[in-house]
1. Looking at the structure I just gave you, is residue 260 over 19 Å from the mean Cα position of the chain (by Cα), assigned to a loop (DSSP other than H, G, I, E, B) and at positive phi?
2. Might you check whether a residue that is under 23 Å from residue 270 (Cβ atoms), open to solvent by less than 40 Å² (accessible area, probe 1.4 Å) and either near ligand 1 (Cβ under 10 Å from one of its atoms) or basic (Lys, Arg) (or both) occurs anywhere in the stretch 31-38?
3. For residue 107, work out the one condition from (1) more than 16 Å from ligand 3 (Cβ to nearest atom); (2) modelled with pLDDT of 95 or more; (3) surrounded by 14 or more Cβ atoms within 10 Å (Cβ to Cβ) it doesn't fulfil.
4. Answer with yes or no whether residue 114 is under 16 Å from the mean Cα position of the chain (by Cα) and open to solvent by 10 Å² or more (accessible area, probe 1.4 Å).
5. In the stretch 247-257, which residues are open to solvent by less than 30 Å² (accessible area, probe 1.4 Å) and not in a helix (DSSP H, G or I)?
6. If you go through the stretch 163-176 one residue at a time, do you hit one that is within 16 Å of ligand 3 (Cβ to nearest atom) and either modelled with pLDDT of 95 or more or more than 28 Å from residue 144 (Cβ to Cβ) (or both)?
7. Checking the structure you have, find out if any residue of the stretch 230-251 is farther than 25 Å from residue 117 by Cβ, of a type in the set (Asp, Glu) and without any contact (Cβ under 8 Å) to a residue 60 or more places away in the chain.
8. If you take the residues in the stretch 119-144 that are modelled with pLDDT of 95 or more, surrounded by 14 or more Cβ atoms within 10 Å (Cβ to Cβ) and outside any helix (DSSP H, G or I), which one is nearest to ligand 3 (Cβ to nearest atom)?
Amino acid sequence: RAKALGRGRYHIFDSTMHVAAINILELETELHRAIKQEELVVYYQPIVVLNTGKIVGFEALVRWQHPTRGLISPQSFIPIAEEIGLIIPLGNWVLSQSCHQLRKWQRENRVDDSFFISVNLSTRQLTQLDLVKYVDKILDETEISPQCLKLEITESALMENPPVAIEILQSLRRRGIQLGIDDFGTGYSSLSYLHYFPLDTLKIDQSFVKQIDERSTDLGLVPVIINIAEILKMSVIAEGIETVTQFKQLVALNCQFGQGYLFSPPLAGEEAIKLMLSNEYQQLFP
Ligand code: C2E
Ligand code: MG
Ligand code: MG
Ligand code: MG
């Protein structure tokens, strides 16, 4: 846009911040439209048992299929959706879409009853008690059992308003929904707080997995995080596994579950379920 005003003025308008501001404004308007016109899609990334390679669930990750900009990553529009109050309808949509998809796979006998879908919740969703009502509505509507639904909450979202978060999480837990802490180690939660939250799993943030060095001489903080999870009786998922070394080291450290490009990137629904039913990625496992 600044460019169109001519070469001479280019520098005045080309401050990165100005361009970013234009984009955010455009994205805001377009995001309203995207939700109405169903431009959002859910991708699914397999979560595997590191010992056996069995895919036990999928993480639901939203994308924006923009008519001209292509597939937009959630990192560029989730923060905007949070900002402009669209995260509640957006989050509800992802939850509904994922549960209906799972129900469909169950009906088609492509997954068994133990297979789960893991959905990310944002900070805003976790500060409103309506969340529980909405989850009830979706569970009712789809008739999936609560054990097949897992919700991922980032450490920072938990710490935004711990008493409210605890209350909401307890209501969800009473229904049998599984709860996990996401991006563990990147927020500011104090360790002493952690056991007040009713959590089943801990997700090691990918920045820690990246610290596992290729010669395996340095494992960074991964062993410590796995220990914390064990002490708190939570199961562990490592995210962002890209190399065979990282994978092997995590197995050696007794990390039960993993996710990462080494196994599969997030895929559109049909591709994800086909991958699960094929044995392609299984070559990595003994
Ligand atoms: P997250 O929940 O921590 O999800 C993991 C991110 O890591 C995903 O990025 C995934 O595609 C990416 N990833 C997986 N394996 C690898 C790997 O081996 N290497 C690398 N470099 N990356 C890997 P994605 O899909 O772009 O999502 C980014 C973040 O956006 C998510 O982080 C989550 O915080 C948020 N997000 C995505 N979908 C939703 C949603 O429906 N609701 C909310 N509230 N947040 C969402
Ligand atoms: Mg997540
Ligand atoms: Mg994560
Ligand atoms: Mg992450």
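The values are calculated or read from the model by the stated rules, or taken from the named source; none is laboratory data. These figures come from a predicted structure and were not determined experimentally. Heads up, the Cβs are rebuilt from the backbone with ideal geometry, glycines too, and the neighbour counts pull from every protein chain shown. Protein only, heavy atoms only, side chains kept; ligands, DNA and RNA dropped before computing areas. Shrake-Rupley method; radii C 1.70, N 1.55, O 1.52, S 1.80 Å.
1. Values: over 19 Å from the mean Cα position of the chain (by Cα): no; assigned to a loop (DSSP other than H, G, I, E, B): yes; at positive phi: yes.
Against the criterion (over 19 Å from the mean Cα position of the chain (by Cα), assigned to a loop (DSSP other than H, G, I, E, B) and at positive phi), residue 260 does not qualify.
2. No, the stretch 31-38 contains no residue that is under 23 Å from residue 270 (Cβ atoms), open to solvent by less than 40 Å² (accessible area, probe 1.4 Å) and either near ligand 1 (Cβ under 10 Å from one of its atoms) or basic (Lys, Arg) (or both).
3. Against the list (1) more than 16 Å from ligand 3 (Cβ to nearest atom); (2) modelled with pLDDT of 95 or more; (3) surrounded by 14 or more Cβ atoms within 10 Å (Cβ to Cβ), residue 107 comes up short only on (3).
4. Values: under 16 Å from the mean Cα position of the chain (by Cα): no; open to solvent by 10 Å² or more (accessible area, probe 1.4 Å): yes.
No: the conditions fail for residue 114.
5. Once the filter is applied, which keeps residues that are open to solvent by less than 30 Å² (accessible area, probe 1.4 Å) and not in a helix (DSSP H, G or I), the stretch 247-257 yields only 255.
6. The first filter runs over the stretch 163-176 and keeps only residues within 16 Å of ligand 3 (Cβ to nearest atom), leaving none.
The answer is no; no qualifying residue exists.
7. Scanning the stretch 230-251, I find at least one residue that is farther than 25 Å from residue 117 by Cβ, of a type in the set (Asp, Glu) and without any contact (Cβ under 8 Å) to a residue 60 or more places away in the chain, so the answer is yes.
8. Among those that are modelled with pLDDT of 95 or more, surrounded by 14 or more Cβ atoms within 10 Å (Cβ to Cβ) and outside any helix (DSSP H, G or I), it is 120.
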